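Asker: Below is one structure. I have some questions about it.
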Amino acid sequence: MTFPDLLIYTGQLNDTPLGDLRLAASDLGLVAVEWADSQPQLDSYLRRLKFPVKPNESKIKPFAKELREYLQGKRREFTFLIDWAALRPFQRMAMQAVFAIPYGETRTYAEIAAQIGHAHAYRAVGRANATNPMPLVIPCHRVIGTDGKLHGYGGGDGLPTKEWLLKMEGAVIA
């Protein structure tokens with residue numbers, strides 16, 4: 001499937017409890033969320049998509065509004081669309097399973113692997129989470145180790161950010 005006229009729009013969400021964020025979206029939905037201090041990684045990711053990138057705050061505004069509400073504890077679910085097209089099949093399966101984890105709940109990497117029909121692929125699920133292009137929205141912070149502890153988080157300040165998000169949501173963590 002080709003999308004000859006597809007553009008990627010970029011914009012900002014600043015002054016959140018977790019710092020400044022950068023967002024990217026297409027007309028099909030959200031494409032990426034990244035912390036402002038990781039702008040080079042976002043730029044690299046967007047180049048790999050091979051679509052023209054254009055700053056457009058008005059296109060980003062609905063995504064930014066819901067993300068701000070979430071980070072203020074006023075929103076539990078996102079209503080905007082997600083553009084899943086850039087994800088490889090395994091990552092898409094894993095990320096869609098993570099996306100379905102309810103607010104305030106957690107799942108283990110092994111549970112996600114079993115849920116998507118790859119029971120022994122918990123490390124691959126971990127890798128899919130590590131390369132999640134839409135942290136916060138696809139809530140990889142809700143995925144924990146089988147020991148009930150927090151393992152790995154690449155966004156913001158790492159594990160303290162993951163812990164902050166889970167506490168904000170009222171999740172029980174070990």
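The values are calculated or read from the model by the stated rules, or taken from the named source; none is laboratory data. As the structure is a computational prediction, the values presented were derived from the model and not from experiment. Backbone-built Cβ (ideal geometry, glycine too); neighbour counts: all protein chains shown.
Asker: Based on this model, can you work out whether Q12 counts as modelled with pLDDT of 95 or more, more than 12 Å from the chain's Cα centre (by Cα) and not assigned by TED's automatic domain parsing to the domain that holds C140? Walk me through how you get there before you give the answer.
Answerer: Working: modelled with pLDDT of 95 or more: yes; more than 12 Å from the chain's Cα centre (by Cα): yes; not assigned by TED's automatic domain parsing to the domain that holds C140: yes.
Considered against the rule, which asks whether it is modelled with pLDDT of 95 or more, more than 12 Å from the chain's Cα centre (by Cα) and not assigned by TED's automatic domain parsing to the domain that holds C140, Q12 comes out as yes.
Asker: Considering only residues that are farther than 17 Å from G155 by Cα and among the basic types (K, R), which ones fall in region 1-56?
Answerer: Just the residues of region 1-56 that are farther than 17 Å from G155 by Cα, to begin with: 1-11, 25-30, 46-56.
Across region 1-56, the qualifying residues are R47, R48, K50, K54.
Asker: Based on this model, can you work out whether A113 counts as loosely packed, with under 15 Cβ neighbours inside 10 Å and either farther than 12 Å from L30 by Cβ or not assigned by TED's automatic domain parsing to the domain that holds A24 (or both)?
Answerer: Values: loosely packed, with under 15 Cβ neighbours inside 10 Å: no; either farther than 12 Å from L30 by Cβ or not assigned by TED's automatic domain parsing to the domain that holds A24 (or both): yes.
So A113 fails the test.
Asker: For I82, state whether it is of a type in the set (V, I, T), surrounded by 14 or more Cβ atoms within 10 Å (Cβ to Cβ) and out of contact with any strand residue (DSSP E or B) (no Cβ under 6 Å at 6 or more places or on another chain).
Answerer: Working: of a type in the set (V, I, T): yes; surrounded by 14 or more Cβ atoms within 10 Å (Cβ to Cβ): yes; out of contact with any strand residue (DSSP E or B) (no Cβ under 6 Å at 6 or more places or on another chain): no.
Taking the combined requirement at face value, the residue does not satisfy it.
Asker: What single numbered condition from (1) part of a helix (DSSP H, G or I); (2) crowded, with 17+ Cβ neighbours inside 10 Å fails to hold for S44?
Answerer: (2)
Asker: If you don't mind, there's one more thing I want to ask. Give the residue, chosen from Y45, Y9, that is farther than 20 Å from R142 by Cα and in contact (Cβ under 8 Å) with a residue 60 or more places away in the chain.
Answerer: Numbers: Y9 fails: in contact (Cβ under 8 Å) with a residue 60 or more places away in the chain.
Unique residue meeting the criteria: Y45.
Asker: Restricting the search to region 124-165, which residues are among the small types (G, A, S), in contact with a Phe, Trp or Tyr (Cβ under 8 Å, 6 or more places away or on another chain), under 21 Å from D83 (Cβ atoms) and surrounded by fewer than 23 Cβ atoms within 10 Å (Cβ to Cβ)? Please lay out each step first, then the result.
Answerer: Taking region 124-165 as the starting set, the residues that turn out to be among the small types (G, A, S) are 124, 126, 128, 130, 145, 148, 152, 154-156, 158.
This time we only want the ones that are in contact with a Phe, Trp or Tyr (Cβ under 8 Å, 6 or more places away or on another chain), so: 124, 126, 128, 145, 155-156.
Those still in the list that are under 21 Å from D83 (Cβ atoms) too: 128, 155.
Selection gives G155 alone.
Asker: Anything in region 153-165 that is part of a helix (DSSP H, G or I) and either under 18 Å from V33 (Cα atoms) or within 12 Å of the chain's Cα centre (by Cα) (or both)? List them, or say none. Step through it out loud before you land on a result.
Answerer: In the first step, residues of region 153-165 are kept if they are part of a helix (DSSP H, G or I); the result is 159-165.
Across region 153-165, the qualifying residues are L159, T161, K162, W164, L165.
Asker: If you go through region 153-171 one residue at a time, how many are more than 23 Å from L23 (Cβ to Cβ) and touching a residue at least 24 places away in the same chain (Cβ under 8 Å)?
Answerer: First, the residues of region 153-171 that are more than 23 Å from L23 (Cβ to Cβ): 159, 163, 167, 170-171.
From what is left, the residues that are touching a residue at least 24 places away in the same chain (Cβ under 8 Å) are 170-171.
Qualifying residue count, region 153-171: 2.
Asker: Return the only residue of E111, E77 being without any contact (Cβ under 8 Å) to a residue 40 or more places away in the chain, part of a helix (DSSP H, G or I) and not β-branched (V, I, T).
Answerer: Working: E77 fails: part of a helix (DSSP H, G or I).
One residue alone meets the criteria, E111.
Asker: Identify all residues within region 16-41 that are in a strand (DSSP E or B) and among the charged types (D, E, K, R); write none if there are none. Steps first, answer last, please.
Answerer: Of all residues in region 16-41, those in a strand (DSSP E or B) come to 16, 19-26, 29-35.
Within region 16-41, D20, R22, E34 meet the criteria.
Asker: What is the residue count in region 86-108 for residues that are surrounded by 15 or more Cβ atoms within 10 Å (Cβ to Cβ), of a type in the set (A, V, I, L, M) and assigned to a loop (DSSP other than H, G, I, E, B)?
Answerer: Adding up the residues that qualify gives 3.
Asker: Still on this model: Across region 48-65, what is the total count of residues that are at pLDDT below 95, in a helix (DSSP H, G or I) and surrounded by fewer than 12 Cβ atoms within 10 Å (Cβ to Cβ)?
Answerer: Here the count works out to 1.
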